[in-house]
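Have a look at the structure below before the remarks.
The values are calculated or read from the model by the stated rules, or taken from the named source; none is laboratory data. All values reported here derive from a predicted model rather than from experimental measurement. Glycine also receives a Cβ, built like all others from the backbone with ideal geometry; neighbour counts cover every protein chain displayed.
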Amino acid sequence: MTARTSEPTAETFWTSPRGVRSWLLTHDHKRIGVMYFFSTALMLAIGGAFALVLRAVLVSPDSSLVDASTYNKLFTHHGIIMVFLFMVPAIPSAFGNFLVPLMIGARDVAFPRLNLASYYVYCVGAIVTICALLFGGVDTGWTFYAPYSTTTSTAVTMVACGIFIVGVSSIMTGLNFLVTIHTLRAESITWRRLPLFVWAIYGTAIIQVLATPVLGLSLAVVGIDHVWHLGLFDPQAGGDPVLFQHLFWFYSHPAVYIMVLPAMGAISEIVPAAAHNRPSSYTGIVIATAGIALVGFLTWGHHMFVAGMSTFDAGLFGALSMFVAVFSAIKVFAWLGTMWGGRITIAAPILYVLSFVFLFVFGGMSGVAVATTSLDVHWHDTYFVVAHFHFIMVGGTLTAFLAAIHFWFPKITGRMYSEAWARLAWAAVTGGFILTFTPQFLLGNAGMPRRYFSYPARFQALHVMSTVGAFILGAGMMLAVGYLVVAWIAGRRAGDNPWQSRGFEWRSPSPPPPDNYVAPMRWDTDAYAYDDDDAPTATTGTAA
Amino acid sequence: MTPQRRHAFRVAVWLAIASEALLFSGLFMLYASYRSEHSTAFHLAAAEDVSWIGGTNTMILLTSSFAMAVAIHFARLGRRGVARGWAAGVIVLGCAFLAFKGYEWSLHLRDGIAPGAAGDLEGVRGASLFFTLYYLMTGLHALHVIAGMLFVAWARHRTRRDDDPLAIELVGVYWHFVDVVWVFLWPLFYLVT
Amino acid sequence: MNELFHDLLDLPPQASSMARSIDTLHYVVIGTAFLVALASFAWIAVAMVRFRDRGTSAAQPARRRIRITPRRELALAGGTLAVFVAFWVVGFAQYRALRSPPDGAMRIYVVAKQWMWAAVYPDGTSVEDDIRVPVGEPVHLLMTSRDVIHSFYVAAFRVKQDVLPGRTTELWFTATIPGTYDILCAEYCGAGHSRMRGHVIAMSRDDFARWLAGHSAPSLAATGERVAAERGCLRCHTVDGTPHLGPTWRGLYGSTVPLSTGDSVVADETYLTESMMDPSAKLRAGFPSLMPSYQGLLTAPEAASIVEYIRSLR
């Protein structure tokens, strides 16, 4: 079975059934995944455009490009769009939808109609959130700290409402994945053989189902308070503004793991497939995934070391945060071990893995640094923290998102992009990223607080470097969009399994037919069976 | 329906309930924090709530849960007509609960106790927090009662053409959850005086 | 070594007693982070060269597989945890020191509002945006906000503390080098957030004493005595040691107060301010809950002056 490439005439999920209506009302997890992909990518573009405007403003210590309140709205909406409309749904809802059924040998998710509904609920939430811009936008920062958020005159309620709706969509998706993974696994795909990406989605889904309602509630309370002035967090009435921070971070810290666990899952799939090597510790990665999902619920207080919590609590949250970091380290060890001694396909996906590991390890270690209570006192709310979470969210999640795009592009489209252009874009994205955010670590060290429209002139040189980097990063992203679109339309046919991966998702044709499989499937080898793969030229076809 | 599919629906309902429980937990946490900070005010404010209404509503919901259990029992036996009757009883009791709740809200509003600063009982610091939480928590719970009634009505309608008791069983689980939330709200707002 | 890392990491001057030791931990933690990230990068880069797919079987190194057995896994995780815990132990010890103002520190009351910093000294001197302090003497700030949350941040001292409405938060430092250091607001507080800047001006003790003497104002305790009389505090609280409707103020400051809940609390600035703003929150055992809240009735400087007055009654 060496070259059973999909014929152009073969039925794929793209073309069967035909018509716009069949797409809009589809129950096919692959089509819903693709629709999620385009929607979240659009959000990434909008959020990215905001980021570039912000960087342009920050070139000068006293910019005349926009005024202070416009700047405040820009960074608020940058954060809201990137966190709630891109990061949280991007990998779980786009790649998770496309891949999870294929990886567990199912024909669809457990509740296809709920899946489609979650997409439209997401769209409604995204539209409400974005439309708030037409009503002047909000200027609270994406964290909505009371009492500023309950007293500002901007459109807080509308944005809170939009995020609440997106949250409902997130819960629906998470619930659907949990039920799917529990009930639709092919008989021989046991828990012990579940692909690592599916484990990551499983952990993510638990957080989505259990943490999102608390966020929804705290934003709903802020939204209601903003309209009716209930004073629930207002000290004048006996309320406590710090209590809002507890509620908010109880979700929003686990939400960090909603954003990063699927990214780790994607890397855990790409590393064995690119290195043609069995993961050096499957169990370790699974345990670490569970550990992050569970202990991640107990670390929210490390956002509040200088907010006025007791010294004892600060110490406790600091210590618990160290445990989460150890779970992340276990995964890094497993990836490094897997790379050694394999047969590595040097191509865009592994290059992104290279960037990911470097940026994620440094970003993660900077997280250990800010969890070290005394150091956090200096760094809290400065650019150091901004750089830290962008290393995780952009250097980690966005890089993994790009790795996933480049790895699964032939799976989804059946075509291959230009490797040369891909490497150029990789260099621009990685280089641009490092140039953008390394100066921000130094700005934080030097004492530059975040969310500053104007700043003391001594910080200017580093800001200019950061802005140059941001535009290089932006150019790299645009380049990637360009060659990927070209490849999607006119790229060469990639074959069913261009990476010669043993992963379950590659055992159906690429792109898959509407029902995922052309023949009954047997899953007698596991997803990482590279032990017998010693002849480098050997190619493996599908198991169909 | 395959056993796998039934299993899927069961898991889904329990996950949805877990998610709902976390939704309420945020408000319970706010209540706990403010209660410990303003315990006197919370005692004074709780005395304003009409305890006979709270007690009656508890009885109503407990009875409705019993009716729900009976409806499920007969649906399993295949006696769909009887099951439909008991399910109708659940809906009637739900309406009664909402009527009492609405009556109590109207009494409060007549006395000038509204969410926010109006609920401070003429200067008792922290009392307004109690009433804001009272309106938020009982309001959110009332929305769940309404949703629960709609689900029960839907499942009841299904039994006309479908002898599978699964729908009414799962709706029953949800209804019990709504009931249990009230069993927690009742002492917090009526019995702490 | 300190100089090199200090400049490499672009840190501000080490102008407080804590700055040097915090920076040392900073070097160790960030140095470790950088080395670990670099080592991971190098590992993958080497693997990508050595084990790249060569296409023909002849040159391809034989497949090897590193298995991370449970035993190795535990060793790796344990080793990593040990390093992190070491950071935590040192960091938490420093954090506790940062959070524990030494006895006898000079107190300054700070009020933040959109978008400025105001401060009152115990002798009644009040300043805006420029807070003068003596070098070599611990300074204890008692801070509150009039509107939203702000954060008092002096990078050169490596200290930061959120300033909350309706609550008193504390921060202390000992300036070691005379100079002018920026106070920056670090918690987002609206349109003027980035303009909410002030200065801490550290002066030699003599200069500071001269400056303070140049501002003759009624002392804060004297103001407090007047405010307490005007606002009716003394109708329930005595100043001679006899209990009345409320506890006496004599000897109250610094004493351990039994609470109606059975707990007890030290009557420090935070407790006294809270008792004015939220009297029933920590009710003293044996006294009825009669006192109304003075939230919104007493300004922050007035509350501070009453605290100073109580403090003077020792």
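Listed here are the residues, each with its yes/no results for (1) touching a helix residue (DSSP H, G or I) at 6+ places or on another chain (Cβ under 8 Å); (2) under 17 Å from A:Pro272 (Cα atoms); (3) facing another protein chain (nearest Cβ under 7 Å); (4) not in a helix (DSSP H, G or I).
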position	(1), (2), (3), (4)
C:Ile30	yes, no, yes, no
C:Ser40	yes, yes, yes, no
C:Val49	no, yes, no, no
C:Gln60	no, no, yes, yes
C:Ile66	yes, yes, yes, yes
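Restricting attention to segment A:378-419, which residues are among the polar types (S, T, N, Q) and over 12 Å from the mean Cα position of the chain (by Cα)?
Residues of segment A:378-419 that are among the polar types (S, T, N, Q), as a first pass: A:382, A:397, A:399, A:413, A:418.
Answer for segment A:378-419, where residues must be among the polar types (S, T, N, Q) and over 12 Å from the mean Cα position of the chain (by Cα): A:Thr382, A:Thr413, A:Ser418.
The C-beta contact set for segment A:316-331 (first residue at the interface with chain C (Cβ under 7 Å from one of its Cβ atoms), second residue of a type in the set (Asp, Glu) and surrounded by fewer than 23 Cβ atoms within 10 Å (Cβ to Cβ), distance under 8 angstrom, 6+ apart or interchain) comprises A:Ile330/C:Glu73. So, A:Phe244, is that one touching a helix residue (DSSP H, G or I) at 6+ places or on another chain (Cβ under 6 Å), under 29 Å from C:Ser280 (Cα atoms), within 14 Å of chain C (Cβ to nearest Cβ) and in a helix (DSSP H, G or I) or not? So A:Phe244 does not fit the description; no. The set of residues in segment A:220-233 that are touching a Ser or Thr at 6+ places or on another chain (Cβ under 7 Å) and at negative phi comprises A:Val222, A:Gly223, A:Asp225, A:His226, A:Val227, A:Leu230, A:Leu232, A:Phe233. Looking only at residues of segment A:366-377 that are assigned to a helix (DSSP H, G or I) and in contact (Cβ under 8 Å) with a residue 40 or more places away in the chain, we find that the one that is nearest to the chain's Cα centre (by Cα) is A:Gly367.
All of (1) part of a helix (DSSP H, G or I); (2) at pLDDT below 95; (3) surrounded by fewer than 23 Cβ atoms within 10 Å (Cβ to Cβ) hold for A:Gly308 with one exception: (1).
Screening A:Ala487, A:Ala519, A:Ala480, A:Ala527 for residues that are more than 27 Å from the chain's Cα centre (by Cα), farther than 30 Å from A:Asn445 by Cα and either in a helix (DSSP H, G or I) or at pLDDT below 95 (or both) leaves exactly one candidate, A:Ala519. Of all residues in segment C:192-228, those satisfying the criterion of being within 14 Å of chain A (Cβ to nearest Cβ) and touching a residue at least 12 places away in the same chain (Cβ under 8 Å) are C:Gly192, C:His193, C:Arg195, C:Met196, C:Arg197, C:Gly198, C:His199, C:Val200. The listed residues are B:Ser65, B:Ser36, and the only one of them that is surrounded by fewer than 16 Cβ atoms within 10 Å (Cβ to Cβ) and either in a helix (DSSP H, G or I) or at positive phi (or both) turns out to be B:Ser36. Taking segment A:445-469 as the range and being more than 9 Å from chain C (Cβ to nearest Cβ) and under 12 Å from A:Thr382 (Cβ atoms) as the test, only A:Phe459 passes. Among residues that are at pLDDT 95 or above and under 23 Å from A:Ile224 (Cα atoms), B:Val145 is included.
When A:Ser280 is evaluated against the numbered criteria (1) over 30 Å from B:Phe130 (Cβ atoms); (2) within 8 Å of another protein chain (Cβ to nearest Cβ); (3) in a helix (DSSP H, G or I); (4) of a type outside the set (A, V, I, L, M, F, W, C), which criterion, by number, is the only one it fails? Against the list (1) over 30 Å from B:Phe130 (Cβ atoms); (2) within 8 Å of another protein chain (Cβ to nearest Cβ); (3) in a helix (DSSP H, G or I); (4) of a type outside the set (A, V, I, L, M, F, W, C), A:Ser280 comes up short only on (3).
When segment A:414-436 is filtered for residues that are farther than 17 Å from A:Phe389 by Cα, surrounded by fewer than 21 Cβ atoms within 10 Å (Cβ to Cβ), touching a residue at least 12 places away in the same chain (Cβ under 8 Å) and not charged (D, E, K, R), the ones remaining, listed by number, are A:Met416, A:Ser418, A:Trp421, A:Leu424, A:Ala427, A:Ala428, A:Gly431.
For residues that are more than 9 Å from chain A (Cβ to nearest Cβ) and of a type in the set (A, V, I, L, M, F, W, C), tally how many sit in segment C:9-18. Qualifying residue count, segment C:9-18: 1.
Just the residues that are over 17 Å from C:Ile22 (Cβ atoms) and in contact with a strand residue (DSSP E or B) (Cβ under 9 Å, 6 or more places away or on another chain), please, taken from segment A:368-405.
Within segment A:368-405, A:Tyr383 is the sole residue that qualifies.
Any chance you could count how many residues in segment A:152-178 are surrounded by fewer than 24 Cβ atoms within 10 Å (Cβ to Cβ) and of a type in the set (Gly, Ala, Ser)? So the count comes out to 2. Among the candidates A:Leu398, A:Leu375, the residue that is of a type in the set (A, V, I, L, M) and either over 21 Å from C:Leu38 (Cβ atoms) or in contact with a Pro (Cβ under 7 Å, 6 or more places away or on another chain) (or both) is uniquely A:Leu398. Of all residue pairs spaced 6 or more apart or on separate chains, those with beta-carbon atoms under 6 Å, a first member in segment B:117-138 that is more than 10 Å from every other protein chain (Cβ to nearest Cβ) and closer than 20 Å to C:Met291 by Cβ and a second member that is modelled with pLDDT under 90 and assigned to a helix (DSSP H, G or I) are B:Leu121/B:Ala127.
The criterion of at least 2 residues that are basic (Lys, Arg), touching a helix residue (DSSP H, G or I) at 6+ places or on another chain (Cβ under 9 Å) and closer than 24 Å to A:Met264 by Cα is met by the following helices (runs of 4 or more DSSP H) wholly inside segment A:1-91: A:29-57.
No other residue among B:Leu143, B:Leu109 is within 19 Å of A:Ala220 (Cβ to Cβ) and free of Cβ contacts under 8 Å to residues at least 40 places away in the same chain apart from B:Leu143.
For segment C:176-213, the set of residues classified as in contact with a helix residue (DSSP H, G or I) (Cβ under 7 Å, 6 or more places away or on another chain) and over 22 Å from A:Ser454 (Cα atoms) consists of C:Met203 only.
For segment C:100-129, a residue qualifies if it is under 16 Å from the mean Cα position of the chain (by Cα), under 17 Å from C:Leu220 (Cα atoms) and part of a loop (DSSP other than H, G, I, E, B), and exactly one does: C:Ala105.
Checked against (1) buried (at least 16 other Cβ atoms within 10 Å of the Cβ); (2) acidic (Asp, Glu); (3) more than 7 Å from chain A (Cβ to nearest Cβ), C:Asp103 meets all criteria but (1). Criterion applied to C:Arg96, C:Arg54, C:Arg71 was being facing chain A (nearest Cβ under 9 Å), over 30 Å from C:Thr169 (Cβ atoms) and either surrounded by fewer than 16 Cβ atoms within 10 Å (Cβ to Cβ) or without any contact (Cβ under 8 Å) to a residue 12 or more places away in the chain (or both), and the one residue passing it is C:Arg54.
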